[in-house]
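The values are calculated or read from the model by the stated rules, or taken from the named source; none is laboratory data. Just so it is clear, the model here is predicted, and its values are computed rather than measured. FYI the Cβ positions are ideal-geometry reconstructions off the backbone, even for glycines, and counts take in every protein chain you see.
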Amino acid sequence: MSTGARAPLPEVVPDHIEVLRIEMALARPFTSAHGTETAKEVVLVRALGPDGSEGWGECAALGAPTYTGEWVDGAEAVLRRFLVPAALAGRPSGVVGHPMASAALEAAVLHLRLAAGGTSLAAWMGAVRDRVACGVAVGMAGSVDELVSEVAALVGSGYRRVKLKVAPGWDVEPVTAVRSTWPDLALGVDANGSYDRHHVEGPLARLDRLGLVEIEQPLAAGDLVGLAEVARRLDTPVCLDESVTAVTDLETALALGAVDHLNLKPGRVGGVAEALRIHDLALARGLPLWIGGMVDTGIAKAVNVALAALPGATLPGDLPASRRWFAGDLTEPWEVEADGTMAVRPLGPVRLPGSG
Ligand code: MG
C-alpha cells in the first residue's frame, strides 16, 4: 500500500494550551543501563480547539537526562517558554532538539486536527490491523531467580516477545537462565548503549549464542561504525533505538549496514510526523520495525498502539498493559489479551490523579 499519500489534515491553532506535571507511582521499580525509575514524573500537554475539542500529548522524557539528553524539567521549561507560545501564535517555534517535548505538543495539536478532519489517528496514518502484537521489557532484577519469576508471570500473561535489559555484569548469566527455562520464547535484550567495541568478542559474542530475536542498541547511539561492525560479526539481528532520532539517521545506518531491526518511538524522533517518515522508509527498504515505549501512561499508549497498526510495524512492540506499570492509568486501562494482543482504539477520556 502507499503510505506516502495520507490526506492533509486541517491546520488548527489551539485556543488554549496547558502544560501539566504529574507524578505516578510505579507498580514496580524499573532498572536499565541508564538508571532506576521508581515513580514516573510526567509532563502532559492539553490543547483546546476553537470547536471545543480537546487534545492530549504525553512527553516521553524521564526524570533524569540518562536515556537521551532530555528530562522532565527541561522539557517542561522548553514547552512553556518556547514551544507553546509559538503554537498559540500559529508560527514555527524554531526550537532545535527537544524532540520529546516537541512530540508531546505535536500529539495534543494532532488530536485537534484529527477531530477537525473527522478521522482517527490510526485511520489517518494508514493502519492495517485492529489488534497489535505486544511484547514487554523487563528491567534488571535483584537476582536471577527474581528475574525468572517476573518473566514467568509475563509469559503466562501471553506477551509475544520478552526483552531483557542488560549491561556489562548483568547479561550472559541472567539471559542464559531465561533462555534455558523457555527455549522457544521470542527473547531479546536491550543494552541501552552500554557496551564498547571491545565487548564484541566477549559478552556480545556469548549473547549471540542464545538464539535471541535481537540485540538492541549494543553500543552508544553515535557509534554507527561500531554498530555496523557488531551487525557484521553477530548472527543475532542488531536493533537500533537511541541511534535513530530522525529519518536521516536511519538512512545513514542503512547505508553503513548498522541496522537489522528498528525500535521506533515517536517521542525520540520528535513526534508522529517524523515517525511516519521513518516508518515509510523502513517499509520501503524491508527493514522490520516495532514500536517502543518509555514507561508510558495511556495517553502515549494511544499513539504507540496506532503506530503499531501500520504495515511496516511487523514485530511485537513494547506495548505492556496499563497494569504493568500503574495501579490506575490516566485513560481506560490498556489490556493485553491472552493471545498477546491489544486492541487499537482512540485515546478516549483522560482522568488526571485527584480529578475523580
Ligand atoms: Mg531501547
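Filter the stretch 1-48 down to residues that are within 16 Å of the ligand (Cβ to nearest atom) and among the small types (Gly, Ala, Ser) and give me whichever is farthest from Val189 (Cα to Cα).
Here the answer is Gly35.
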*Would you say His199 is crowded, with 16+ Cβ neighbours inside 10 Å, without any contact (Cβ under 8 Å) to a residue 40 or more places away in the chain and either more than 16 Å from the ligand (Cβ to nearest atom) or among the polar types (S, T, N, Q) (or both)?*
yes
*Taking only pairs six or more apart or across chains, which ones have beta-carbon atoms under 9 Å, a first residue in the stretch 275-287 that is β-branched (Val, Ile, Thr), and a second residue that is in a helix (DSSP H, G or I)?*
Ile278/Val247; Ile278/Asp249; Ile278/Leu250
_Residue check for Thr331: within 23 Å of Leu283 (Cβ to Cβ), modelled with pLDDT of 95 or more, assigned by TED's automatic domain parsing to the domain that holds Pro288 and hydroxyl-bearing (Ser, Thr, Tyr)_ = no
*asked:* Every residue in the stretch 226-245 that is within 16 Å of the ligand (Cβ to nearest atom) and not aliphatic (A, V, I, L, M), please.
replied: Thr236, Pro237, Cys239, Asp241, Glu242, Ser243, Thr245
*Please find, within the stretch 28-65, the residue that is surrounded by the fewest Cβ atoms within 10 Å (Cβ to Cβ) out of those that are assigned to a strand (DSSP E or B) and charged (D, E, K, R).*
Arg28
*In the stretch 246-274, what residues are within 26 Å of Val72 (Cα to Cα) and within 13 Å of the ligand (Cβ to nearest atom)?*
Leu262, Asn263, Leu264, Lys265, Gly267, Arg268
*Does Val189 meet the test of being in a helix (DSSP H, G or I) and either closer than 23 Å to Asp145 by Cβ or touching a Leu at 6+ places or on another chain (Cβ under 6 Å) (or both)?*
no
*Taking Phe82 as meeting all but one of (1) of a type in the set (Phe, Trp, Tyr); (2) assigned to a loop (DSSP other than H, G, I, E, B); (3) modelled with pLDDT of 95 or more, write down the number of the exception.*
(2)
*Do any residues in the stretch 28-54 that are closer than 13 Å to Val295 by Cα and without any contact (Cβ under 8 Å) to a residue 60 or more places away in the chain have Cβ atoms under 7 Å from those of residues that are small (Gly, Ala, Ser) and surrounded by fewer than 18 Cβ atoms within 10 Å (Cβ to Cβ), where the two are at least six apart or on different chains, and which pairs are they?*
Ala39/Ala25; Glu41/Gly63
*Evaluate the following for Gly169: is it on the phi > 0 side of the Ramachandran plot, away from the ligand (no atom under 16 Å from the Cβ) and over 19 Å from the mean Cα position of the chain (by Cα)?*
yes
*Residues of the stretch 275-295 being surrounded by fewer than 24 Cβ atoms within 10 Å (Cβ to Cβ), away from the ligand (no atom under 13 Å from the Cβ) and not charged (D, E, K, R), which ones?*
Leu276, Leu281, Leu283, Ala284, Gly286, Leu287, Pro288
*Taking the stretch 135-163, which residues are within 15 Å of Gly292 (Cβ to Cβ) and within 16 Å of the ligand (Cβ to nearest atom)?*
Gly135, Val136, Ala137, Val138, Gly139, Arg161, Val162, Lys163
*Counting residues that are touching a strand residue (DSSP E or B) at 6+ places or on another chain (Cβ under 7 Å) and touching a residue at least 12 places away in the same chain (Cβ under 8 Å), which helices (runs of 4 or more DSSP H) fully inside the stretch 104-184 reach at least 3?*
144-156, 172-181
